[in-house]
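Asks: Submitted below is the structure of interest, expressed as structure tokens.
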Amino acid sequence: MTAPLRFHYDIDGENFTSAGEASVKVKKSLRQLGFPQEVIRRVAIAMYEGEINMVIHAEGGWAEVTVYPDRIEIVLCDRGPGIKDVELAMQAGYSTAPEQIRSLGFGAGMGLPNMKANSDTMVIDTKIGVGTTITMTVNVG
Amino acid sequence: MIGGIMTVTELLDKLPLRALCLPDPDRDVTGGYTGDLLSWVMGSAQPGQAWVTIMSNVNVVAVATLCDVSCVILAQGVTLEPEVLKTAESKLVNVLTSPLPAFELCLTVGELIR
Ligand SMILES: Nc1ncnc2c1ncn2[C@@H]1O[C@H](COP(=O)(O)OP(=O)(O)O)[C@@H](O)[C@H]1O
Ligand SMILES: [Mg+2]
């Protein structure tokens, strides 16, 4: 059996302009691989929200996307401040984003809920002062 | 003719719109969505829709790409920086602008494609 296809991206925490680039690349790669539109869309949206969160809340990190025959797995890992109350953070509308971020159209508190809605499984592993790792899978077909 | 699916170019011809960049002119406009909060747009905008917004930073291009909207229509005369337009061009995102406020803009687009 061949090893599953894996993509790795470093997410620059300083750069708002390039935020989302990894998701756009993943979208393109999955399209070239011939995945259904709806699968690509869910992966792209879930990953983009995660990527933006890493830039806004965690000074960047890395993302890894692994393509299995039956699912796509997205791992987002940062060494940011961690999430104090995951249940609260998951609530639609909850956000700690500063005003300047809101003026860019982010910080609506819908990122984590969007990630949940667009993935089939989502696990948040977070520790205050250590960082956050979010693992999502999107089923194919 | 009133009603039915139109291309972005047809929309441009019929409404007070100006193209800021038009890398994919033959895209069908299948409906519309309006909003400025990017996560809401990500959660709701559907492929092929026209996205009406007053947001004008580079992240608009990423969201338009990921949602696969047929075009971004900037309301109230909003435009994009040349750098951002360059990105839009390379990502095949059509960007139009209109002097109309978002509500009136949606009404006119809606009348045409309904
Ligand atoms: N990677 C992360 N590191 C630290 N905190 C995070 C991270 N992702 C999300 N959070 C926290 O969870 C909250 C809710 O996230 P989200 O639903 O994406 O909304 P928003 O990003 O618009 O604030 C954020 O405001 C932030 O406090
Ligand atoms: Mg967010």
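Asks: Taking amide H positions as placed 1.01 Å from N in the peptide plane, with prolines and chain starts having none, which residues 5 or more places from residue A:5, or on another chain, fall under 5 Å of its amide H?
Replies: A:67
Asks: May I pose another question? Residues of the stretch A:37-73 with the amide nitrogen closer than 20 Å to a label point 7 Å from the Cα of residue A:6, along Cα-to-Cβ, please.
Replies: Only A:47, A:51, A:61-73 pass the distance filter.
Asks: Which shape class applies to the stretch A:5-139: rounded if a/c is under 1.5, otherwise prolate when a/b exceeds b/c and oblate if not, where a ≥ b ≥ c are the square roots of the Cα gyration tensor eigenvalues?
Replies: Numbers: a/c = 1.61, a/b = 1.50, b/c = 1.08.
Here the stretch A:5-139 falls in the prolate category.
Asks: Something else: Starting from the residue with the highest accessible area, list A:73, A:38, B:104, A:59 in decreasing order, probe 1.4 Å.
Replies: Numbers: A:73 45, A:38 105, B:104 80, A:59 155 Å².
From most exposed to least exposed: A:59, A:38, B:104, A:73.
Asks: Quantify, in whole percent, the carbon and sulfur part of the accessible surface of the protein assembly as shown (1.4 Å probe; protein heavy atoms only).
Replies: 54 percent
Asks: Calculated FRET efficiency, residue A:99 and residue B:81, Cβ-Cβ r, R0 22 Å, to nearest 0.05?
Replies: Here the calculated transfer efficiency is 0.55.
Asks: 7 Å from Cα along Cα→Cβ at both residue A:38 and residue A:123: what's the point-to-point distance in nm?
Replies: Once both label points are built, they end up 2.6 nm from each other.
Asks: Okay, moving on. Among rounded, prolate and oblate, which fits the stretch A:96-141 when a ≥ b ≥ c are the square roots of the eigenvalues of its C-alpha gyration tensor, a/c under 1.5 means rounded, and a/b larger than b/c means prolate? Write out the running numbers ahead of the final one.
Replies: Numbers: a/c = 3.71, a/b = 1.39, b/c = 2.67.
Because a/c hits 1.5 or more and a/b fails to exceed b/c, the stretch A:96-141 counts as oblate.
Asks: Turning to a different aspect of this structure: For the stretch B:74-85, in order, what is each residue's ³J(HN,Hα) by Karplus, 6.51 cos²θ - 1.76 cosθ + 1.60 with θ = phi - 60°, in whole Hz (x at glycine and Pro)?
Replies: So the J values, rounded to whole Hz, are 8, 8, 6, x, 5, 10, 10, 4, x, 4, 5, 5.
Asks: Helix A:37-58: angle to the longest alpha-carbon principal axis of chain A, degrees 0 to 90, nearest 10?
Replies: 30 degrees
Asks: On to the next question. Per residue of B:37-50, how many C-beta atoms from partner chains lie within 10 Å of its own C-beta, taken as a mean?
Replies: Per residue, the average neighbour count from other chains is 5.
Asks: Further, regarding this structure: What do you get for the angle between helix B:102-113 and the principal long axis of chain B? Use alpha-carbon atoms, 0 to 90 degrees, nearest ten.
Replies: Value to nearest ten degrees: 50.
Asks: Shape verdict for the stretch B:15-114, please, from the Cα gyration tensor: rounded (a/c under 1.5), prolate (a/b greater than b/c) or oblate. Display every interim value, and only then the final one.
Replies: On the way: a/c = 1.29, a/b = 1.18, b/c = 1.09.
Because its axes are fairly even, with a/c under 1.5, the stretch B:15-114 counts as rounded.
Asks: Roughly how many Å² is the accessible area per residue of the stretch B:6-113, as a whole number, for a 1.4 Å probe? Please report the intermediate quantities before stating the final value.
Replies: Details: 4370 Å² over 108 residues.
So the stretch B:6-113 comes to 40 Å² accessible per residue, rounded to a whole number.
Asks: With the contact rule set at Cα under 8 Å and sequence spacing of 6 or more, what percent relative contact order holds for the stretch A:60-125? Walk me through the intermediate numbers first.
Replies: Working: 58 pairs, mean separation 13.9, N = 66.
This gives 21 percent for the stretch A:60-125.
Asks: Now, a different point. Nearest 10 degrees is fine. How inclined is helix A:21-32 to the longest principal axis of chain A, computing both from alpha carbons?
Replies: With rounding to tens, the tilt is 20 degrees.
Asks: Report, as an integer, the average count of C-beta atoms from other chains found within 10 Å of each Cβ along A:17-24. Numbers along the way, then the final one.
Replies: Values: counts 7, 3, 3, 8, 2, 0, 4, 5.
Per residue, the average neighbour count from other chains is 4.
Asks: Return the percentage of antiparallel bridges among DSSP beta bridges fully within the protein assembly as shown, rounded to the nearest 5 %.
Replies: Values: 35 of 46 bridges.
Taking every DSSP beta bridge with both residues in the protein assembly as shown, the antiparallel ones total about 75 percent.
Asks: Now a separate question. Please compare each pair in A:84/B:86; A:84/A:116; A:84/B:91; B:14/B:91; A:27/B:14; A:116/B:14 to a cut-off of 29 Å on the Cα-Cα distance and tell me which ones are over it.
Replies: Values: A:84/B:86 40 Å; A:84/A:116 18 Å; A:84/B:91 37 Å; B:14/B:91 25 Å; A:27/B:14 33 Å; A:116/B:14 40 Å.
Check vs 29 Å cut-off fails for A:84/B:86; A:84/B:91; A:27/B:14; A:116/B:14.
Asks: Calculated FRET efficiency, residue A:135 and residue B:28, Cβ-Cβ r, R0 30 Å, to nearest 0.05?
Replies: Details: r = 37 Å, r/R0 = 1.22.
Once the sixth-power term is evaluated, E becomes 0.25.
Asks: With an 8 Å Cα cut-off and a minimum separation of 6 or more residues, compute the relative contact order for chain A in percent. Walk me through the intermediate numbers first.
Replies: On the way: 280 pairs, mean separation 38.1, N = 141.
Once normalised by length, the contact order is 27 percent.
The values are calculated or read from the model by the stated rules, or taken from the named source; none is laboratory data. Keep in mind the model is a prediction, meaning the values are calculated, not measured. With ideal geometry, Cβ positions are generated from the backbone for all residues, glycine too; neighbour counts draw on all protein chains shown. Each accessible area value is taken on the protein alone, full model and side chains, heavy atoms only, with ligands, DNA and RNA left out. Shrake-Rupley method; radii C 1.70, N 1.55, O 1.52, S 1.80 Å.
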